[in-house]
Amino acid sequence: LFRSRSRGASVQFCIDETAWCVETFTTRPDTLYGVTFVALAPEHPLVDRIAAREGEHVQHAVSHLRAAGDEGTPVILGGARATVPLTDARVPIVVAPHVRFGYGTGAVMGVPAHDDRDAVVAKALQLPSISVVTDTGILQNSGLFSGMKAGEWETMQAVGRALSDAGCGRLTSTLRLRDWLVSRQRFWGAPIPMVHCDSCGTVPVPREELPIRLPDHPKVDAHRGVLPLAADPEWRACSCPSCGGPAQRETDTMDT
């Protein structure tokens, strides 16, 4: 595990005709004027509340998205609208599979002109895209902030102060633990020190046998679609640290 810190702003989008607000975290508050939708994770608690207000057809669409997982198609939550702070623009609320409930607040502000994932959602739902950054990195179509340098912390601070004064946001940072990526594609990552025994199950490799050495000449056959380590029976074969019987080494590796 490792710690990851992101610096940006917390921005609140109030939902029309309700007392609900969607809190988002963004590392680019300077692109606020480019927001054309607010996206919620499928597991976000407001999804079911809003869907219930919008009717069975919206509830059915949300259920279908959840069942499809990462392959699901984004869903607009009916006629529900959220107000963009500082601009007072009313934008649709969508449920998007790329938004993770366990990451940040489980909600993001959609800026399709400047974020590839947001652009995919906007294209799928035929939502508009508003460019607020010029090719030279200057803010445009951004009210009082037009002409300022995009991405600069001084600009972020100016937007953050305006959000704070309006009572709908503030500058902040997030800190979270993240998992190392487990790679199934390469043999040269750090081996996972576990072996699999028919009698004992999954058993950790004793400390005195670490580190595990990878084979000097891995057998790579792209046409077979087999992991390089899995294709090396000599390397895989080992003894169980617990019972001493035959076992197999773990063939996944840690991509560090």
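The values are calculated or read from the model by the stated rules, or taken from the named source; none is laboratory data. From a predicted model like this one, the values you see are computed outputs, not experimental measurements. Backbone-built Cβ (ideal geometry, glycine too); neighbour counts: all protein chains shown. The area values use the complete protein model at the heavy-atom level, side chains included, leaving out ligands, DNA and RNA. Shrake-Rupley method; radii C 1.70, N 1.55, O 1.52, S 1.80 Å.
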Under a 1.4 Å probe, counting only protein heavy atoms, His44 has an accessible area in Å², nearest 10, of 20 Å²
If one compares the long axis through the Cα atoms of helix 153-166 with the longest principal axis of the Cα atoms of the chain, the angle in degrees, nearest 10, works out at 60 degrees
If unit charges are put on Cβ atoms (+1 for Lys and Arg, -1 for Asp and Glu) and the dipole of the range 17-150 is taken about its Cα centre, the option from Ser131, Gln59, Gly104 lying farthest towards the positive end turns out to be Ser131
The Rg/Rh figure for the chain, Cα atoms and Kirkwood Rh, to two decimals is 1.13
Expressed as a whole-number percentage, the relative contact order of the range 63-157 with C-alpha contacts under 8 angstrom and at least six residues apart is 15 percent
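What number, in percent, do you get for the relative contact order of the range 1-147 if the mean sequence gap of Cα pairs under 8 Å and at least 6 apart is divided by its residue count?
Details: 281 pairs, mean separation 40.8, N = 147.
Reported as a whole number, the value is 28 percent.
So if we plug the beta-carbon distance of Gln126 and Glu56 into 1/(1 + (r/R0)^6) with R0 = 22 Å, what FRET efficiency do we get, rounded to 0.05?
Numbers: r = 23 Å, r/R0 = 1.04.
Efficiency at R0 = 22 Å is approximately 0.45.
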Between Cys200 and Lys149, the two model label points (7 Å from Cα along the beta-carbon direction) sit apart by a distance in nm of 6.0 nm
Asserting the computed 222 nm helical MRE of the chain (DSSP H runs at least 4 long, -39500 (n - 2.57) per run, divided by residue count, to nearest 500) equals -6000 deg cm²/dmol
Measuring from the longest principal axis of the C-alpha atoms of the chain, the long axis of helix 56-68 (C-alpha) lies at a number of degrees, nearest 10, equal to 30 degrees
For the range 28-114, one quarter of the surface area of the C-alpha convex hull, expressed in nm², comes to 5.7 nm²
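Before anything else, pin down the relative contact order of the range 120-166: Cα pairs under 8 Å, at least 6 apart, normalised by residue count, whole percent.
Details: 32 pairs, mean separation 9.1, N = 47.
Normalised by residue count, the contact order of the range 120-166 is 19 percent.
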Here the range 229-245 yields Karplus 3J(HN,Hα) values (6.51, -1.76, 1.60; θ = phi - 60°; whole Hz; Gly and Pro given as x) of 5, 5, 8, 10, x, 5, 6, 5, 5, 7, 9, 5, x, 8, 10, x, x
Taking Cα atoms, the helix 116-125 axis meets the longest principal axis of the chain at an angle in degrees (rounded to 10) of 60 degrees
GNM on the chain, Cα springs under 10 Å; top mean-square fluctuation among Leu210, Leu139, Leu46 goes to Leu210
Computed for the range 3-138: size of charge dipole around the Cα centre, +1 on C-beta of each Lys and Arg, -1 on C-beta of each Asp and Glu, debye to nearest 20, value 320 debye
When the chain is treated as a Gaussian network with springs between alpha carbons less than 10 Å apart, the largest mean-square fluctuation among Ala61, Ala166, Ala190 is found at Ala190
Listed residues Ala19, Ala119, Ala158; largest mean-square fluctuation, Gaussian network over the chain with Cα springs below 10 Å, found at Ala19
